[in-house]
Amino acid sequence: MKTMSDQDELIALLQKCDVSYERFDHKAVFTCAESEEIDAKIPGAHTKQLLMRDKKKRHYVMAIVMHDKTVDTIELGKQLDTGRFSFASSDDLMKFLHVEPGSVTPFGLMFDAEHTIRLIIDEDAWAVGQFRFHPLVNTATLVIDREGFEKFLQETGHAFEVMKIPQKEGTLSS
């Protein structure tokens, strides 16, 4: 019996939730800068998803922000009362989201059955109303609207918070 791949599981889950999406296949992109080469062809908020953890690995947070925002991890840690954040390791990405570096996506939350990861979404990204997320690999992008994203999160049991995620001083505003 053939087992479903993680991508197949994702598509099945989106279909189960009656979430519509548009798929764009493209070359592998590992950074936001690389993704700008394909940017003009794909609608929706050009975001990045950051999986971060506190020093003691007790608190994990996925932040969804506009691609050009540099998150102030010290200030964010103060806001969330967790201490300073650093980026999660590649082992953490695989363990919690079933993805490799360059493919971080909130769709990976479907594998976070224990709800270890807290999801926060920057108000600027939320306001766009349509998102671009990798479908667990960085060779494609799915465009999904806010309603569909909320259905997906409800199905996985993940709550989310929309907030003004602090930006490092001296960096461009999104």
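The values are calculated or read from the model by the stated rules, or taken from the named source; none is laboratory data. Computed from a predicted structure; not experimentally measured. Every residue, glycine as well, gets a Cβ built from its backbone with ideal geometry; the counts of neighbours run over all protein chains shown.
Can you say whether residue 86 is among the small types (Gly, Ala, Ser), surrounded by fewer than 14 Cβ atoms within 10 Å (Cβ to Cβ) and over 20 Å from residue 136 (Cβ atoms), as far as the supplied structure shows?
Spelling it out, residue 86 is indeed among the small types (Gly, Ala, Ser), surrounded by fewer than 14 Cβ atoms within 10 Å (Cβ to Cβ) and over 20 Å from residue 136 (Cβ atoms).
Across the stretch 96-118, the number of residues qualifying as surrounded by 21 or more Cβ atoms within 10 Å (Cβ to Cβ) and not β-branched (Val, Ile, Thr) comes to 8.
Among residues belonging to the stretch 6-29 that are assigned to a loop (DSSP other than H, G, I, E, B) and modelled with pLDDT under 90, point out the one that is surrounded by the most Cβ atoms within 10 Å (Cβ to Cβ).
Here is the first cut: in the stretch 6-29, the residues assigned to a loop (DSSP other than H, G, I, E, B) are 17-21, 26-29.
Imposing the further condition that a residue be modelled with pLDDT under 90 reduces the set to 26-29.
On the way: 26: 15, 27: 10, 28: 11, 29: 20.
Top of the filtered list is 29.
Being at pLDDT below 95, crowded, with 22+ Cβ neighbours inside 10 Å and either closer than 21 Å to residue 19 by Cβ or among the basic types (Lys, Arg) (or both) is the requirement here; does residue 78 meet it? Spelling it out, it is not the case that residue 78 is at pLDDT below 95, crowded, with 22+ Cβ neighbours inside 10 Å and either closer than 21 Å to residue 19 by Cβ or among the basic types (Lys, Arg) (or both).
Regarding residue 159, is this residue farther than 21 Å from residue 41 by Cα, out of contact with any Asp or Glu (no Cβ under 8 Å at 6 or more places or on another chain) and among the aliphatic types (A, V, I, L, M)? Taking the combined requirement at face value, the residue satisfies it. Of all residues in the stretch 124-155, those satisfying the criterion of being under 29 Å from residue 75 (Cβ atoms), touching a residue at least 12 places away in the same chain (Cβ under 8 Å) and over 14 Å from the mean Cα position of the chain (by Cα) are 124, 128, 129.
Any idea how many residues of the stretch 51-71 are more than 10 Å from residue 120 (Cα to Cα) and part of a strand (DSSP E or B)? Count: 7.
Being closer than 23 Å to residue 19 by Cβ and either in a loop (DSSP other than H, G, I, E, B) or modelled with pLDDT of 95 or more (or both) is the requirement here; does residue 108 meet it? Judged against the criteria, residue 108 is a match. Does residue 93 fit the bill of being in a helix (DSSP H, G or I), touching a Ser or Thr at 6+ places or on another chain (Cβ under 6 Å) and buried (at least 17 other Cβ atoms within 10 Å of the Cβ)? No; evaluated as a whole, the condition is false for this residue.
Within the stretch 6-25, residues that are under 14 Å from residue 105 (Cβ atoms) have Cβ atoms under 7 Å from residues that are of a type in the set (Ser, Thr, Tyr) and at pLDDT 95 or above in these pairs: 14/21, counting only partners at least 6 apart in sequence or on another chain.
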